[in-house]
Structure formats: structure tokens, C-alpha cells
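Heads up, the thing below is written out as C-alpha cells.
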């Protein structure tokens, strides 16, 4: 029980952020986080240390999310939390309020583009860019090779760029 508490304290925020980015809904993210740690409680005895605990935990989280997708019809539009940032960036000099508005708009466009990607592409981008997982860890989560993780991440970024540009063009 003590080990589960340690895991929970160590990874609850990262798992919650993952679900928040996947669903765009903080209530649903909280429920999925709870379900993930419930599944961890049920299966901790099966952890064979073939990967890191973090990788194993995100594998469970991904499976919880996929199960949720199978039982619920997928919503096309996602409401994203304002405080999510796709990547860190130095803010340009100038009016701080204008900078914040520009960055907020850009974040919203990136998040809207993410919501249009298939689950695998969205998951890989979130795990790599937001959660800073390595290609090796991502490969374990998906049960694939490291090369697959690299290629799929590259393709997902390319696809994200295409969707982003299309959404930008549609707004003009």
C-alpha cells in the first residue's frame, strides 16, 4: 500500500495532465486518473520491472483512455484549459498583455489542431512534447520499437503542422 501511495504522489499530476490534454475536460481527466491508479492497485503485483514504473504507469493510463474511447462516442470538439502550453518559448519584447493574448491564441490553435489528430498521433505528441518521455519509453507504452516511435512522432508532428495550417487558413 505504501508503494502505491508513493507512485500516486510521484505521478498523479503527470497522469492528470496527460488525460487533461487528451480529453480537454478536467473532470473527466480526474476520473480517468482515479481509474488509472485503481488499475495500478489491481495490477502492481504483475509489474515485472521490464520497463520503468513511469512507462508502465503511462501504459496503464493509455489503456484506460482507450477503454473510455471504446465505451463513449468521441466528441469532435474539445474544450482545452487555458493554462496548457504546447511548448516553452521566450516571450517577445513589447506589451505584456498583447504578448499574452497572442500566445493564448497560438496555444488555442495548436490545441485545436491536436484535437483533430488520431489518438496515436495525439498521444505520441503529448507524451514526447508535454511529458518529455523518451522514444524508448514511448515505444514501450505502445509495444513498438524505438524506430517506430521516432518515425511516428515525426509523422505526427508533420500531420499536426498540416492541420494547424489548415485551421489557420480556414480562419482567414
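Rounded to the nearest 0.05, the FRET efficiency derived from the C-beta distance between residue 147 and residue 44 at R0 = 22 Å is 0.10.
Taking 0.36 nm per residue of separation and subtracting the current Cα-Cα distance, fully stretching the chain between residue 101 and residue 13 would add 29.0 nm.
Legend: ranking of residues 8, 38, 65 from fewest to most surrounding C-beta atoms inside 10 Å; resulting order 38, 8, 65.
Residues 97, 60, arranged from fewest to most other Cβ atoms within 10 angstrom of their Cβ, appear as 97, 60. Between residue 34 and residue 5, residue separation times 0.36 nm minus the direct Cα-Cα distance comes to 9.2 nm.
The alpha carbons of region 2-71 occupy a box of 31, 24, 18 Å along the principal axes, longest dimension given first. Normalised by the number of residues in region 2-71, the mean separation of alpha-carbon contacts (under 8 Å, six or more apart) gives a relative contact order of 31 percent.
Values quoted throughout were computed directly from the atomic coordinates according to the rules given, and no laboratory measurement underlies them. Remember, it's a predicted structure, so these values are computed and weren't measured experimentally. Because the Cβ atoms are built from the backbone with ideal geometry, glycine has one as well, and the counts that use them run over all protein chains shown.
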